[in-house]
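A quick write-up on the structure given underneath.
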Amino acid sequence: MLKAGGKVYALIGLEAEPLQLSLKCDPERAEALRQEHPAIVPGYHLNKRHWNTLTLDGSLPDPLVQELLEHSHALVVKSLTKAQRAELDHS
């Protein structure tokens, strides 16, 4: 589990084979990604509107996975208070 300011932005399914990564996503983009990539599905046991689960089976380009991880982090940081964001900058 990866957090920013105490809020989760990524869950890693270490037991899954292949590895799975659940990330927050803008709802409209989440749906478009699911339609475009079979390895991206609604978040498993998560709010399916805001979370996607990526199966890291080699079919998703590494730059896309990295960008989606950064997007998830940015969404969570954006939701933090100014004080919480300032603390992140100093850690």
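Annotations
- In a fully extended conformation the segment linking LEU46 and GLU31 would gain 3.9 nm over its present Cα-Cα distance, using 0.36 nm per residue.
- Close Lys-Lys pairs in the chain, where close means Cα under 14 Å and separation is 8 or more or interchain: 6
- The stretch 44-91: C-alpha pair distances exceeding 19 Å, %: 42
- Our Cα-only numbers for the chain put the radius of gyration and Dmax at 13.4, 39 Å.
- Basic side chains Lys and Arg get +1 at the Cβ, acidic Asp and Glu get -1 at the Cβ, and with that the dipole of the stretch 2-90 about its Cα centre reaches some 500 debye.
- Peptides 46-57, 78-89 ordered by average Cβ neighbours within 10 Å, highest first: 46-57, 78-89
- Here the Karplus curve 6.51 cos²θ - 1.76 cosθ + 1.60, taken at θ = phi - 60°, turns the phi angles of the stretch 54-68 into couplings of 9, 8, 8, 9, x, 7, 9, x, 3, x, 5, 4, 4, 5, 5 Hz, with x standing for Gly and Pro.
No value in this document is a laboratory result; all are computed from the given coordinates. Fair warning: this is a prediction, and the values are worked out from it, not measured in the lab. Neighbour counts are summed over all protein chains in view; Cβ atoms, including those assigned to glycine, are modelled from backbone coordinates with ideal geometry.
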